[in-house]
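Notes follow the structure.
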Amino acid sequence: MEFKDHFLKLRERRGLSQQEVAEQLNVTRQAVSRWERGETTPNVDTLKQISRLMDVSLNTLLGCPRELYCQSCGMPLEDEFLGRDSDGALNEKFCKWCYDEGHFLSDCTMEEMQEQCVSIMVQQGVEESAARQHMASILPRLERWKQ
Ligand SMILES: [Zn+2]
């Protein structure tokens with residue numbers, strides 16, 4: 001789905017008129033109307049504002065060009081799993097179980113993270129050695145643990 005489709009759906013779901021959205025974003029109603037017709041796309045700053053206003057990630061707004069993984073625990077991210085920065089904006093790097101309000105919820109080591117993830121996977125029915133191998137291959141490549 002393209003930006004214009006996402007945007008229209010989000011606006012309607014929130015029950016906002018084009019005028020109301022325009023006022024909140026400090027743009028003209030005509031600009032909003034052009035986005036919805038697919039004639040123009042907002043600039044990056046406006047996209048960030050829309051992300052805040054609609055509470056969805058930029059990645060979702062732009063039609064999910066990237067597959068997001070938490071850069072701390074490696075789990076696949078959807079918007080409802082995203083952590084938040086200190087200003088309340090969605091953080092597209094980390095899940096809400098690793099990161100919230102601008103900081104990591106636990107200052108564990110990579111080894112401790114691996115053990116936590118392994119025990120969760122084991123509860124979900126994954127064999128322990130397979131879970132450990134999986135996490136050992138994923139974690140060192142994530143931003144939080146990369147040297
Ligand atoms: Zn995480």
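FYI, it's all coordinate maths here, none of it is from the lab. Note that the structure is a prediction, hence the values are computed from the model and not measured. Counting neighbours? That spans all protein chains shown, and the Cβs are built from the backbone with ideal geometry, glycine included.
Within the stretch 9-66, which trypsin sites (Lys or Arg not before Pro) sit in a loop by DSSP and count at most 16 neighbouring Cβ atoms inside 10 Å?
14, 37, 66
Need one word for the stretch 45-112: rounded, prolate or oblate. Basis is the Cα gyration tensor (sqrt eigenvalues a ≥ b ≥ c); a/c below 1.5 gives rounded, then a/b vs b/c decides.
Numbers: a/c = 3.01, a/b = 1.59, b/c = 1.89.
Note, shape of the stretch 45-112 comes out oblate.
Determine the shape class of the stretch 1-72: with a ≥ b ≥ c the square roots of the Cα gyration tensor eigenvalues, call it rounded for a/c under 1.5, and otherwise prolate if a/b is greater than b/c, oblate otherwise.
Prolate shape, in that a/c is at least 1.5 and a/b is the bigger ratio.
In whole Hz, what ³J(HN,Hα) sequence does the stretch 106-116 give by Karplus (6.51, -1.76, 1.60; θ = phi - 60°), x for Gly and Pro?
9, 9, 6, 7, 4, 5, 5, 4, 4, 4, 4
About its Cα centre, how strong a charge dipole does the stretch 3-61 have in debye, to the nearest 20, once Lys and Arg get +1 and Asp and Glu get -1 at the Cβ?
80
Plugging the Kirkwood radius over Cα pairs into Stokes-Einstein for the chain, at a temperature of 4 °C and a viscosity of 1.567 mPa s, what D comes out in µm²/s? Each step should come with its number before you reach the end.
Working: Rh = 17.1 Å.
Approximately 76 µm²/s, per Stokes-Einstein.
Would you be so kind as to identify which of 118, 68, 18 lies farthest towards the positive end of the dipole of the chain, taking Lys and Arg as +1 and Asp and Glu as -1 on Cβ and the Cα centre as origin?
The residue sitting farthest along the positive end of the dipole is 18.
Using the alpha-carbon centroid of each, what span in Å lies between the stretch 87-137 and the stretch 46-72?
21
Out of residues 5 or more away from residue 83 or on other chains, whose amide H comes under 5 Å of its own, with H placed 1.01 Å from N in the peptide plane?
91, 94, 95, 96
Which pairs in the list 9/48; 9/96; 4/48; 48/146; 93/146 are over 22 Å apart, alpha-carbon to alpha-carbon?
Checking Cα-Cα distances, 9/96; 48/146 exceed 22 Å.
Using a simple charge model, +1 on the beta-carbon of Lys and Arg, -1 on the beta-carbon of Asp and Glu, nothing else, what dipole does the chain show about its Cα centre, in debye to the nearest 20?
540
Between 56, 130, 38, whose Cα lies farthest towards the positive end of the dipole of the chain when Lys and Arg beta carbons carry +1 and Asp and Glu beta carbons carry -1, centred on the Cα centre?
38
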